[in-house]
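Structure first, then comments.
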Amino acid sequence: MDADGRRRGSPLLSPLKPTSAEEVAAAVAQAVADETPLEIIGHGSKRGLGRPVQAARQLDLSALAGITQYEPAELVLTCRAGTPMAAIEAALKAKNQQLAFEPADLGLLYGAAPGSGTIGGILGCNLSGPRRISAGAARDHFLGFAAVSGRGEAFRAGGRVVKNVTGYDLCKLMAGAHGTLAVLTEVTVKVLPAPEKSRTVLLYGLGDAAAIKAMTQAQASAHEISAAAHLPAAVGARAAVDFVAKSGGAVTAIRIEGPGPSVEHRCAALRRELADFGPTEELHSLRSALLWREIRDVARLLPDAARAIWRLSVPPANGAAVMSDLTHGGGGTQGGRDAPSLLESYYDWSGGLIWLALPATEGASAAIIRAALARHGGGHATLMRAPDALRLSVPVFEPQDAALAALSSRVKQSFDPRRILNPGKMAAEL
């Protein structure tokens, strides 16, 4: 076999585009029989996430679309895996509901059209937005699914209620598997009422450490914040919201949502509580929504397509120390002159998530970044965007220790023993 999964000398095969779950099962079964690895895509908006797939053929699920059952009163929605997020969000908006985990639209980050992602891709990558700190991750709202394993066998797991797990919670396993274990054909998710009002309290001019302290204090308060982020000056200057872009310095944003009178009261109380951190301002409704959409979707705030984009998950209290280490050098053999240059970043999840942009040089500073995490309480670093050659040369996802890697291999063997589904997407051997 060649590196791309083809038999030596054979041409790249035409894509498969099934329109039903039965056709998906038949396509996978035939691929198993032919030993032809498949790249699983919806609309292709996140093909740049993970390692380049070593496959001879695409399995295009974009025709496997449509909402099959939506019960607003029961807060449950079932749809085919290739359903565009734009269609789902429109249906939910009509009933004043939402996906509470606030899924990111990463299309622009990868050069695709905005709004082109699918629900299967969102759940398969376990992508969660700023509300992660209050509403949980995508996998926490993933109730059930139908899928086809790498053996070509159709199966179901979960259901349409939260408390439906009698054995292994396979929804949690599929969320974040990036299509390497099974092809999702239908998914069921929990939905929630959309907030009546949303306001954002802004603090100006804080350094990273002070901003994280303010966000932590807000999250620990009784004001029930739904999101907290910090934009250093260079990043905040790109924001579409004038209160942020024209401030001339760093901006810390803390969001409060809920019934109108409650939001107004809690914002006022939060501003009083954070008064020691300096002057504050409030964003209402549309401006608040615009700012959080930019924070969620990354591309406008870190727009340079020539840079590699990393996503660091760290203990919130250690976020500022990690960035200081990377910016100025924090000791050890990786510090000082070896620190990456031309680095930009911003914080989400009260400091627990760092979006980081730096030159896409050889190695993408992977060793430096992961060494900094190790020095400051640990964490995970994911290379979210980089040229194909870079994504093949460094671990895109956080390397696993021997025991966890062996477990991952056994799980892959159980679901996809012939390595048919998205081979090499997460690691060379998976």
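The values are calculated or read from the model by the stated rules, or taken from the named source; none is laboratory data. Computed from a predicted structure; not experimentally measured. Note that each Cβ is placed from the backbone with ideal geometry, even for glycine, and that neighbours are counted across all protein chains shown. What goes into the accessible areas is simple: the full protein's heavy atoms, side chains included, and nothing from ligands, DNA or RNA. Shrake-Rupley method; radii C 1.70, N 1.55, O 1.52, S 1.80 Å.
Filtering segment 192-225 to residues that are closer than 21 Å to residue 242 by Cα and basic (Lys, Arg) leaves 197, 199.
Would you check if there is a residue in segment 295-304 being free of Cβ contacts under 8 Å to residues at least 60 places away in the same chain and either of a type in the set (Phe, Trp, Tyr) or outside any helix (DSSP H, G or I) (or both)?
Narrowing segment 295-304 to residues free of Cβ contacts under 8 Å to residues at least 60 places away in the same chain: 304.
Checking the rest, the ones that are also either of a type in the set (Phe, Trp, Tyr) or outside any helix (DSSP H, G or I) (or both) come to 304.
There is at least one residue in segment 295-304 that is free of Cβ contacts under 8 Å to residues at least 60 places away in the same chain and either of a type in the set (Phe, Trp, Tyr) or outside any helix (DSSP H, G or I) (or both).
Counting the residues of segment 349-359 that are open to solvent by less than 10 Å² (accessible area, probe 1.4 Å) and either without any contact (Cβ under 8 Å) to a residue 12 or more places away in the chain or outside any strand (DSSP E or B) (or both) gives 3.
So is residue 87 crowded, with 21+ Cβ neighbours inside 10 Å and either touching a residue at least 60 places away in the same chain (Cβ under 8 Å) or not in a loop (DSSP other than H, G, I, E, B) (or both) or not? The answer is no for residue 87.
Being part of a helix (DSSP H, G or I), among the aliphatic types (A, V, I, L, M) and closer than 22 Å to residue 396 by Cα narrows it down to one of 106, 173, 127, 92, so name that one.
Working: 106 fails: part of a helix (DSSP H, G or I); 127 fails: part of a helix (DSSP H, G or I); 92 fails: closer than 22 Å to residue 396 by Cα.
Of 106, 173, 127, 92, the one residue that is part of a helix (DSSP H, G or I), among the aliphatic types (A, V, I, L, M) and closer than 22 Å to residue 396 by Cα is 173.
For segment 360-379, filtered to residues that are modelled with pLDDT under 90 and surrounded by 19 or more Cβ atoms within 10 Å (Cβ to Cβ), the residue that is farthest from residue 401 (Cα to Cα) is 360.
Only one of the listed residues (78, 68) is surrounded by fewer than 18 Cβ atoms within 10 Å (Cβ to Cβ), modelled with pLDDT of 95 or more and not in a helix (DSSP H, G or I). That residue is 68.
Okay, residues lined up against (1) of a type outside the set (Asp, Glu); (2) in a helix (DSSP H, G or I); (3) farther than 21 Å from residue 324 by Cα:
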{"position": "369", "(1), (2), (3)": "yes, yes, no"}
{"position": "392", "(1), (2), (3)": "yes, yes, yes"}
{"position": "395", "(1), (2), (3)": "yes, no, yes"}
{"position": "408", "(1), (2), (3)": "yes, yes, yes"}
{"position": "425", "(1), (2), (3)": "yes, no, yes"}
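Being touching a Ser or Thr at 6+ places or on another chain (Cβ under 9 Å) and of a type in the set (D, E, K, R) is the filter; apply it to segment 197-233 and report the residue that is nearest to residue 327 (Cα to Cα). Step through it out loud before you land on a result.
To start, the set of residues in segment 197-233 that are touching a Ser or Thr at 6+ places or on another chain (Cβ under 9 Å) comprises 197-206, 208-212, 214-216, 218-219, 224-233.
Filter again for of a type in the set (D, E, K, R), leaving 197, 199, 208, 224.
Numbers: 197: 38, 199: 32, 208: 12, 224: 33 Å.
Only one residue fits best here, namely 208.
Could you go through segment 49-63 and let me know if any residue there is out of contact with any Cys (no Cβ under 9 Å at 6 or more places or on another chain), of a type outside the set (D, E, K, R) and in a strand (DSSP E or B). Checked against the condition, which is being out of contact with any Cys (no Cβ under 9 Å at 6 or more places or on another chain), of a type outside the set (D, E, K, R) and in a strand (DSSP E or B), segment 49-63 yields at least one hit.
Looking only at residues that are part of a strand (DSSP E or B) and open to solvent by less than 40 Å² (accessible area, probe 1.4 Å) in segment 187-196, which one is nearest to residue 42 (Cα to Cα)?
Narrowing segment 187-196 to residues part of a strand (DSSP E or B): 187-190, 192-193.
From the residues that got through so far, the ones that are open to solvent by less than 40 Å² (accessible area, probe 1.4 Å) too are 187-189.
On the way: 187: 14, 188: 17, 189: 18 Å.
Result: 187.
Taken together, the residues in segment 388-405 that are open to solvent by less than 70 Å² (accessible area, probe 1.4 Å) and either within 22 Å of residue 355 (Cβ to Cβ) or modelled with pLDDT of 95 or more (or both) amount to 7.
So that you can scan it fast, the table gives a plain yes or no per residue for (1) in contact with a helix residue (DSSP H, G or I) (Cβ under 8 Å, 6 or more places away or on another chain); (2) within 19 Å of residue 131 (Cα to Cα); (3) crowded, with 17+ Cβ neighbours inside 10 Å; (4) in contact (Cβ under 8 Å) with a residue 40 or more places away in the chain:
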{"position": "208", "(1), (2), (3), (4)": "yes, no, yes, yes"}
{"position": "211", "(1), (2), (3), (4)": "yes, yes, yes, yes"}
{"position": "221", "(1), (2), (3), (4)": "yes, yes, no, yes"}
{"position": "231", "(1), (2), (3), (4)": "yes, yes, yes, yes"}
{"position": "245", "(1), (2), (3), (4)": "yes, no, no, no"}
{"position": "251", "(1), (2), (3), (4)": "yes, yes, yes, yes"}
{"position": "257", "(1), (2), (3), (4)": "yes, yes, yes, yes"}
